[in-house]
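As C-alpha cells, the structure follows; a few thoughts come after it.
The values are calculated or read from the model by the stated rules, or taken from the named source; none is laboratory data. This is a predicted model, so every value here is computed, not measured. FYI the Cβ positions are ideal-geometry reconstructions off the backbone, even for glycines, and counts take in every protein chain you see. Calculation scope for accessible area: heavy atoms of the full protein, side chains included, ligands and nucleic acids excluded. Shrake-Rupley method; radii C 1.70, N 1.55, O 1.52, S 1.80 Å.
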Amino acid sequence: MMRSVSLARRPWFLIALFGSLVLASRCPIAPGQLFSFDDVNLAYAIGHFDIRVSQPQPPGYPLFVMEMRALSWLRFHRPESILLVLALAGSIAALVLMVLGGNRILGGSSGFCAACLLLFDPVFWHAGVSSALRMQLAIISLAVGTACYRAWTGEGRWVLWSALILGIGAGARPESGPLLFPLWAACALRAPVRWRVRGLSLCAMGAAVLLWLLPAMLASGGPIAYWKTCSAYLADQASLTSEAFGASTNRWLATFWRLMVWTLSGVLAWPLAAIVAWHRGEGFGLGRSRAAFLALWFLPPFLFALFVHIEDPGQALGMIPVVALFGGFLVDRALDRMAGRVSRWTALVFFLFPAAAALLELGDARQILIYVPLCSIPAGLLLRQSQPMKPGYPEREHTMVFLLFPGVLLGLVMFLYPHWYYAGSATKGLAAVAEHSLTDINSGFALTSLAHIRNTTDTDDHTLREAQRLALEHTGKTLVVWEHGLTSSRKAAYYLRGLPVVVLEHQKLAASPPVATMWNGADLLQRFEGGNPVRVRLLPGARIVWLLNPRTEFYALAQHAFAMTSAGPVYFTDLPAEAGSRVLGEYELRW
C-alpha cells in the first residue's frame, strides 16, 4: 500500500496515468472542426493578432496565441489539430497540478482524489474536447492557488513567485488576473514578509503583465483602442447575463441556474464521503485557515460569474477545481476515518450500493442524480456503525474506489445522457417559476453533454456541405446571408472561403442599432449601417444561401418576402436578373 501511495505522488506516474485516461476518453469524441466562434477567432490570430477584428476576441489571450503559434512552427498545420493538442495537454496538466497542489493544500491524498473527480466532471470533460482556451482557466487557477497557499502558510519567498505566476498566467486568460488577485493579496498580507517584499512582488506582477499586455495593445491599435474594444466587448457580453448591463430577469435567472449546475453539480457526489468523514467536535477537520483560503479562491470568480458574466460552461473552470478539491478532501478524510476500522455493514454496503446505482443507471438521468445522493446517505450512516478494529482492512485503495464511485458515476451520467430537455406546461404562479427553473437546469446539463458536442458538429458539417454544394451548382455569383443561423457566422466565413458571408446582427446590447457586414474569411469586405432600414447591396442574378434559425421572426419575414427553397438545414433563393429590393424588418436587401 505504501508503495502505491508514493507512486501516485510521482509526476511521471501522474502524467502517464492521467494522460492515458484523458486520451482514451477525449480523442474518440473530439470534433474534426473548429468547434466555436471563438475557435475561429483564435485560428485567425495565428497569422495576425488584433482584437479590434476579433483575432482573437477581446481581451486577446496573447500567451495562448503564442502557444498556438509555437505548435504551428512545429508543423501542426491545421488549427483544428493545434487546438486539440492544447486541449488534451491542458487537461493533463490541470489534473497533475490538482494532485500536486491539492495534496499540499489539503493534505494526504486529497489532490489525487480530487483529480479523479475532476477527470469526469462534465464541464471539464466538455471543455477538454471543445475549448482548449477555457481549459487554461483550470490550469491558471490551480497554479496560482498552489503558489498562493505556500505564501499563506508562511513561505515568504512564494509571495514573489505567486505574483509572477499570476501575472504571467493572466496572459493566457486575462480575466484570471483581477479575479485571483484578492487571493494573492490576502496571502501576501498574511505571509511573514516586510512591506518592501510585498511592494516588490506587486511590481514584479505588474512587469509580468506588461510583458504580454503591451504587445497585445500595440498589435491592436494602441492602449486607447485596446481598452475601448475590451470595455465595449465586456458590456456587450454582459448584457446577455447581467441585469446591471441590461439583461432581463428571466435571462439572469437562466444564468443563475446554469452557474449552479456548471459549478456545483459535483456536490451531488459528496454525501457518502461527507457522512463518513464527519467527526463530532471537529466537523470535517478542514480548519478555519484552510476554509478561509478556499473561500478567497472560490468567491471572487463566482461572484463575477453570478453578477457580471458567464455564458459558456467552460468559463466556470476557474471555480470547479476548488469544488473538486474539497470533494477530494472529503474522500481522503473518509479514508482516514475508515483506516484500521471496518463496520459490520461494510461488506453489505460495498456490494449493495454499487449494485443499486448500476440498476438506477438503466433509468432516466434525472432520477439517477436524485437517487444516488439519497442512497449515499444510508450507506454512509451504516459505515459509521459498529466499527471494531481491523488493522489493514479494508485496503485503502479499495475503499478509495468505493468512495469515488458516486462522483465518477454521476459525471458519466451527466456527460453521456443524450436527452437533457424539459419544457413545463404551467404558465403562471409558482408552478411556472419552478418549471422555468427546471428548464434552465436541464439546459445547463445539456450544454455540458456529449450530445451537445455531437449535435453542434453534425449540424455544422451538414450546413457547410449543403452551402458548398449549392454554390457549386450555381453558375453565377453566390453569397451567404446569416441571421441567427444555427452555425455561427464566423465559422461559416472560415470554412466557406470564397463565398461572401453577409452577417445581419445587432450587438447584444438592447439599444444598439442594426448593422450588416460582408466577410470573405477573415477579411471585412463591406459594412452597411445607418438608415432605416439598413440597405444591403447584392448582385442581380446572385444565389442567396440563407443560414437562418426557423424559430426567429426574421425567418418568417424572409420566407414571406422571398421564394426560399429548403436544402436540408439551409435555404436558397435565386435573385432575378433585373433590379429589385425587399424589406426584412430592419434591413433592406437591394440588387
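Of the strands (runs of 3 or more DSSP E) entirely within the stretch 536-577, those holding at least 3 residues that are within 18 Å of Arg590 (Cβ to Cβ) occupy 543-548. The residue list Ala247, Ala235 contains one member that is free of Cβ contacts under 8 Å to residues at least 24 places away in the same chain and either open to solvent by 10 Å² or more (accessible area, probe 1.4 Å) or outside any helix (DSSP H, G or I) (or both), which is Ala247. Does Ala115 satisfy the condition of being more than 24 Å from Ala216 (Cα to Cα), at pLDDT 95 or above, within 18 Å of the chain's Cα centre (by Cα) and among the small types (Gly, Ala, Ser)? Criteria met by Ala115. No other residue among Ala426, Ala446 is of a type outside the set (Lys, Arg), modelled with pLDDT of 90 or more and either open to solvent by 20 Å² or more (accessible area, probe 1.4 Å) or out of contact with any Gly (no Cβ under 7 Å at 6 or more places or on another chain) (or both) apart from Ala446.
For Leu213, the requirement of being in contact with a helix residue (DSSP H, G or I) (Cβ under 9 Å, 6 or more places away or on another chain), farther than 20 Å from Ala316 by Cα and open to solvent by less than 10 Å² (accessible area, probe 1.4 Å) is not met. Among the residues making up the stretch 536-573, a single one is charged (D, E, K, R) and crowded, with 16+ Cβ neighbours inside 10 Å: Arg543. When you check Arg582 against the structure, is it touching a helix residue (DSSP H, G or I) at 6+ places or on another chain (Cβ under 7 Å) and part of a strand (DSSP E or B), yes or no? Yes, satisfied.
Residues considered: Val99, Val85, Val40. Of these, the only one that is of a type in the set (Val, Ile, Thr) and open to solvent by 10 Å² or more (accessible area, probe 1.4 Å) is Val85.
The rows are residues; the columns are (1) crowded, with 24+ Cβ neighbours inside 10 Å; (2) closer than 21 Å to Ser449 by Cα; (3) at pLDDT below 90.
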position: Glu243; (1), (2), (3): no, no, yes
position: Phe256; (1), (2), (3): no, yes, no
position: Trp262; (1), (2), (3): yes, yes, no
position: Gly266; (1), (2), (3): yes, yes, no
position: Ala273; (1), (2), (3): yes, no, no
position: Gly283; (1), (2), (3): no, no, yes
position: Ile310; (1), (2), (3): yes, yes, no
position: Ala316; (1), (2), (3): yes, yes, no
position: Ala324; (1), (2), (3): yes, yes, no
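Scanning the stretch 326-344 for residues being modelled with pLDDT under 75 and touching a Ser or Thr at 6+ places or on another chain (Cβ under 7 Å) gives a total of 2. Restricting to the stretch 297-307, name every residue that is buried (at least 19 other Cβ atoms within 10 Å of the Cβ) and among the aliphatic types (A, V, I, L, M). Within the stretch 297-307, just Ala305 meets the criteria.
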